[in-house]
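S.K.: Got a structure here, written out as structure tokens. Questions coming.
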Amino acid sequence: MDATELIRKIQEFFEKNYYAELLEKIRKNEKFILVDFSRLSSFDPEIADLLLDKPEEVIKAAELAVEQIDSKNGKAFAMRVVNLPESSRIMIRNIRSKHLSRFLFTEGVVRQKSDVRPQVTAARFECPSCGNAISVLQLDNKFKEPNRCSCGRKGRFKLLEKSLVDAQMLVLEEVPEQLEGGVQPKRINVFMQNDLVSPLSERKTNPGSRILIAGSIKEIPIFTRSGSQSTRFDILFESNSVFAVEEDFSDIQIDKKEKEQIEALASDDKNLMKKMIASIVPSIYGHDKIKEALLLQMVGGVRKVRDDGGITRGDIHILLVGDPGGGKSQMLKRIGTVAPKGRFVSGKGVSGAGLTASVVKDEFLQGWSLEAGALVLANKGVICIDELDKMSQDDRSAMHEALEGQTITISKANIQATLRCETTVLAAANPKFGRFDPYDTVARQINLPPALINRFDLIFPIKDLPDADKDEKLAKFILNLHQNDLSEPDVDTRLLRKYLVYARQNIFPKLTDSAVEELKNYFIKMRSSGGDMRSVPISARQLEGLVRLSEAYARLRLKSKVTKKDAQKAVEILDYCLRQVALDEETGTIDIDRIATSVPASQRNKIIQIKEIITDLENKLGKTIPLEDVVQAATDKGVSEAEVEEMIQKLKRSGDIFEPRRGFISKL
């Protein structure tokens with residue numbers, strides 16, 4: 001097709017289909033217009049084919065066509081093509097030399113991103129001898145000057161002006177779903193310029209985002225060390241349009257029809273929870289309390305930023321500790337798909353740097369750059385960590401700040417940075433010996449450091465104990481799943497996802513006085529239930545957890561006030577967890593120290609008693625105290641001989657006492 005004919009046809013296409021939009025863009029001084037490929041194809045299939053084969057020609061013609069529509073403001077207008085045919089999709093690993101300069105699109109995850117910097121596209125030079133102006137296009141990496149002038153002069157030329165555009169480079173990596181077996185994900189460099197690097201569109205391309213990118217593939221010469229050009233070329237994806245595929249809670253759009261469906265679902269207050277619980281993880285039988293907690297986690301509490309700079313997190317973290325085969329991993333996988341921006345990682349293959357952030361050598365800028373880990377990439381989303389107990393101690397300690405403070409601070413190789421990670425954590429672990437011992441307490445079998453456990457709002461033990469009635473129902477359910485295809489849940493996944501997103505975006509419930517009263521009463525009741533045991537049944541951290549849970553209940557019902565009923569339900573679910581995990585069998589009271597410090601209060605009190613006895617005897621008998629006297633004094637106070645032996649061993653281990661000679665002890 002002739003160039004003038006092509007420009008005329010594209011001009012006609014714009015005037016027929018995009019005239020009002022084009023004028024609006026020119027008025028706003030936005031230098032690009034989105035063109036749907038299907039509309040272009042139905043207008044003129046020949047131009048559409050030409051666009052796929054020779055994109056540069058068509059895009060340049062479109063630029064000139066817009067200039068003819070508005071000669072004053074329509075200069076350097078970019079045509080961004082969207083909705084390309086499926087035949088133009090290509091995987092990064094399949095790019096070959098035949099694809100060079102063709103119009104294609106691919107999907108990937110952004111791994112690295114350079115800064116936005118100006119780049120020269122063309123420069124004008126003046127000849128000092130004859131005053132002739134020479135334009136040189138700058139297409140390579142090297143800045144090019146003219147070789148000679150028409151008057152025959154060689155040598156240096158005077159630079160008159162240069163036109164600059166904003167440019168940025170990305171490294172795009174293949175999406176994990178596209179990989180087969182043990183294949184390493186391939187990467188490609190992507191070049192973006194002008195409006196694709198504006199502050200608004202730059203948010204889409206943050207590291208960790210999943211994007212769909214359309215454009216043409218260019219070859220770049222590689223220069224050897226000696227300065228000569230190599231026979232091999234590197235490739236670069238020059239992007240024409242960029243779209244984010246995966247969005248977080250704040251980006252998802254909800255249309256009018258979906259809003260009506262959501263409100264209709266919320267209006268059925270009686271059956272709402274029942275329907276939601278049945279739909280959250282439909283492939284697993286039972287565990288209704290856990291499913292309810294997962295729903296609360298998906299909507300979360302309200303994040304509060306106070307005037308003094310203090311921040312109270314709104315995310316609810318949940319830990320599932322259970323016997324193998326209890327369906328923990330399946331729950332995690334399902335939540336990873338229901339949650340927008342859900343990520344799934346598994347214990348053994350996780351390092352501290354992979355979870356938080358690492359400092360890597362930057363290929364573009366020849367310095368150091370930050371590469372975000374999974375917790376940061378899932379910001380405003382959910383991260384599911386399986387096999388938490390299999391992670392090494394150092395790697396687990398990287399999570400402490402992320403769980404409570406919701407930031408990650410890194411200071412390495414001249415980079416000092418604080419990254420945001422407002423991420424909800426759902427973790428799963430096995431008990432210490434692989435299975436729960438029914439004769440020991442749950443708390444003693446959770447093989448995790450107390451400081452980490454304490455940061456989870458809810459901890460659910462999943463015990464797999466034989467029970468004829470329950471087992472029959474479970475077997476029926478599983479076999480039925482295999483025999484028939486899974487019937488549709490009450491609320492289909494798409495609507496459930498939109499419902500949770502709508503609740504998070506629009507509902508910010510406030511506590512009512514009756515709800516505050518309810519939570520306060522429970523807190524005081526629990527604190528005083530320890531009696532004289534000096535046990536701490538519940539701490540302020542659990543009270544904050546209760547507030548988050550109450551807000552989540554109100555959010556699920558799409559209500560703007562947290563009522564007494566919401567507070568009661570929050571108390572109920574926390575009490576259920578504490579009774580499962582923190583019950584002290586000896587006294588029958590709830591003791592949070594069972595989880596938080598691994599020494600229950602009843603035992604701690606006995607240690608204090610023994611210490612008091614030793615101090616008394618020291619005042620009477622001097623430094624060296626016979627062990628028999630300690631045992632005698634303790635049995636008078638109702639502590640058995642075996643317990644005294646155990647406490648003495650503990651005190652020796654902790655370095656409070658030592659044994660100067662056999663049968664005698666002394667305080668250090």
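Rule-based calculations on the coordinates, nothing more; no lab input. Given the structure is predicted, the values throughout are model-derived calculations rather than measurements. Note: ideal-geometry Cβ built from the backbone for every residue, glycine included; neighbour counts use all protein chains shown.
S.K.: Just round it to a whole percent: the fraction of Cα-Cα distances in the stretch 3-83 exceeding 17 Å.
M.R.: Across the stretch 3-83, Cα pairs with separations above 17 Å total 37 percent.
S.K.: Please work out the FRET efficiency for the pair residue 30 and residue 561, using the Cβ-Cβ distance as r and a Förster radius of 35 Å; give the result to the nearest 0.05.
M.R.: About 0.25, to the nearest 0.05.
S.K.: Show which lysines lie in cross-link reach of residue 652 when reach means a straight Cα distance below 20 angstrom and same-chain residues fewer than eight apart are skipped.
M.R.: Answer for residue 652, where 20 Å is the Cα cut-off: 606, 611, 623, 667, listed by chain and number.
S.K.: As a quick test, which of the pairs 259/463; 412/432; 142/186 have an alpha carbon distance above 29 angstrom in this structure?
M.R.: Beyond 29 Å between Cα atoms: 259/463; 412/432.
S.K.: Okay, moving on. Ratio of Rg to Rh for the stretch 448-509, alpha carbon only, Kirkwood?
M.R.: Values: Rg = 18.7 Å, Rh = 16.3 Å.
That ratio is 1.14, to two decimals.
S.K.: Could you give the nm distance between label points at residue 8 and residue 253, where each point is 7 Å from its Cα heading toward the beta carbon?
M.R.: Label at residue 8, label at residue 253, 3.7 nm between them.
S.K.: Of 264, 322, 297, which is farthest on the positive side of the dipole of the stretch 256-506, counting Cα position, with +1 on Lys and Arg Cβ, -1 on Asp and Glu Cβ, and the Cα centre as origin?
M.R.: 264
S.K.: Now a separate question. In the chain, what cysteines have no partner Cβ closer than 4.7 Å?
M.R.: 384, 421, 577
S.K.: So between residue 289 and residue 39, what do we pick up on full extension, going 0.36 nm a residue minus the alpha carbon distance?
M.R.: Length difference between fully extended and current span is 84.9 nm.
S.K.: A follow-up question, please. With a 10 Å Cβ neighbour count serving as the proxy for reagent exposure, in which order, fewest first, do 513, 395 appear?
M.R.: 513, 395
S.K.: Still on this structure: Pairs 16/162; 16/144; 72/162: which are spaced more than 31 Å apart, C-alpha to C-alpha?
M.R.: As for pairs spanning more than 31 Å Cα to Cα, those are 16/162; 16/144.
S.K.: Ok, one more. Which length gain, in nm to one decimal place, applies between residue 400 and residue 658 when the Cα-Cα distance is subtracted from 0.36 nm times their residue separation?
M.R.: Using 0.36 nm per residue and subtracting the Cα-Cα distance, I get 89.4 nm.
S.K.: What ranking do 261-272, 104-115, 422-433 get when scored by the average of other Cβ atoms within 10 Å per residue, highest first?
M.R.: 422-433, 104-115, 261-272
S.K.: Sticking with this structure for a sec: Considering the dipole of the chain built from charges on the beta carbon (Lys and Arg +1, Asp and Glu -1) around the Cα centre, which of 419, 276, 633 is farthest to its positive end?
M.R.: 419
S.K.: Here's a follow-up. How long is the gain from residue 130 to residue 267 if the chain were fully straight, where each residue apart is worth 0.36 nm and the alpha carbon distance is subtracted? Intermediate results must be reported in sequence, preceding the final value.
M.R.: On the way: separation 137, 0.36 × 137 = 49.32 nm, distance 8.24 nm.
Stretched fully, the residue 130-residue 267 segment lengthens by 41.1 nm.
S.K.: Still on this structure: Mind giving me the nanometre distance, one decimal, between the label points for residue 481 and residue 160, set 7 Å out from Cα along Cα→Cβ?
M.R.: Those two pseudo-labels are separated by 7.4 nm.
S.K.: State the label only: which of [x] 23.6, 72; [y] 33.2, 111; [z] 33.4, 116 corresponds to Rg and Dmax of the Cα atoms in Å computed from the shown model?
M.R.: [z]
S.K.: Further question on the same structure: Taking the Cβ of residue 183 as the center, what net charge do the other residues with Cβ under 10 Å away carry, scoring Lys and Arg +1 and Asp and Glu -1?
M.R.: Combined, the nearby Lys, Arg, Asp and Glu give 0.
S.K.: Which shape class, rounded, prolate or oblate, goes with the stretch 108-252 when its Cα gyration tensor gives a ≥ b ≥ c as root eigenvalues, a/c under 1.5 marks rounded, and past that a/b bigger than b/c marks prolate?
M.R.: Oblate is the answer for the stretch 108-252, as a/c is 1.5 or above yet b/c matches or exceeds a/b.
S.K.: Also, quick follow-up: For the chain, what does -39500 (n - 2.57) per DSSP helix run (n ≥ 4), summed and divided by total residues, give at 222 nm, in deg cm²/dmol to the nearest 500?
M.R.: The helix-only estimate for the chain comes to -11500 deg cm²/dmol at 222 nm.
S.K.: I need the calculated FRET efficiency for the pair residue 75 and residue 151, taking r as the beta carbon distance and R₀ as 35 Å, to the nearest 0.05. Numbers along the way, then the final one.
M.R.: Details: r = 31 Å, r/R0 = 0.88.
Efficiency, rounded to the nearest 0.05: 0.70.
S.K.: For each pair in 328/380; 348/380; 274/561; 333/470; 75/204; 257/520, compute the distance between the two Cα atoms and list the pairs where it is over 31 Å.
M.R.: 257/520
S.K.: From the C-alpha gyration tensor of the stretch 281-438, pull out the three semi-axes of the equivalent ellipsoid (sqrt of 5λ each), sorted largest to smallest, in whole Å.
M.R.: Values: eigenvalues 172, 77, 40 Å².
Working through the eigenvalues yields semi-axes of 29, 20, 14 Å.
S.K.: Same structure again: Treating only the Cβ of Lys, Arg, Asp and Glu as charged (+1, +1, -1, -1), what charge dipole size does the chain show about its Cα centre? Round to the nearest 20 debye.
M.R.: That gives the chain a dipole magnitude of about 1760 debye.
S.K.: Take the alpha-carbon centre of the stretch 635-656, take the same for the stretch 330-394, and report the distance between them in whole Å.
M.R.: One Cα centre to the other: 45 Å.
S.K.: Starting with the highest mean, order 215-228, 82-95, 315-328 by the number of other Cβ atoms within 10 Å, averaged over the residues of each peptide.
M.R.: 315-328, 82-95, 215-228
S.K.: On the first, second and third principal axes, largest extent first, how far apart are the outermost C-alpha atoms of the stretch 364-504 in Å?
M.R.: Principal extents (largest minus smallest coordinate, Cα): 63, 43, 29 Å.
S.K.: Applying 1/(1 + (r/R0)^6) with R0 = 22 Å to the Cβ-Cβ distance of residue 231 and residue 143, what FRET efficiency is obtained, to the nearest 0.05?
M.R.: 0.35
S.K.: Quick check for me: using +1 on Lys/Arg Cβ and -1 on Asp/Glu Cβ, what's the dipole size of the stretch 256-506 about its Cα centre, in debye to the nearest 20?
M.R.: Working: 36 positive and 34 negative charges, 89 e Å.
The calculated dipole for the stretch 256-506 is roughly 420 debye.
S.K.: Please list 279-291, 610-622 highest first by mean number of surrounding beta-carbon atoms within 10 Å per residue.
M.R.: In descending order of packing, they fall as 279-291, 610-622.
S.K.: Also, I was wondering about something else. So what does log10 I(q)/I(0) come out to for the stretch 601-667 at q = 0.17, 0.20, 0.29 Å⁻¹, using the Debye formula with one equal point on every Cα and no solvent?
M.R.: -0.52, -0.73, -1.58
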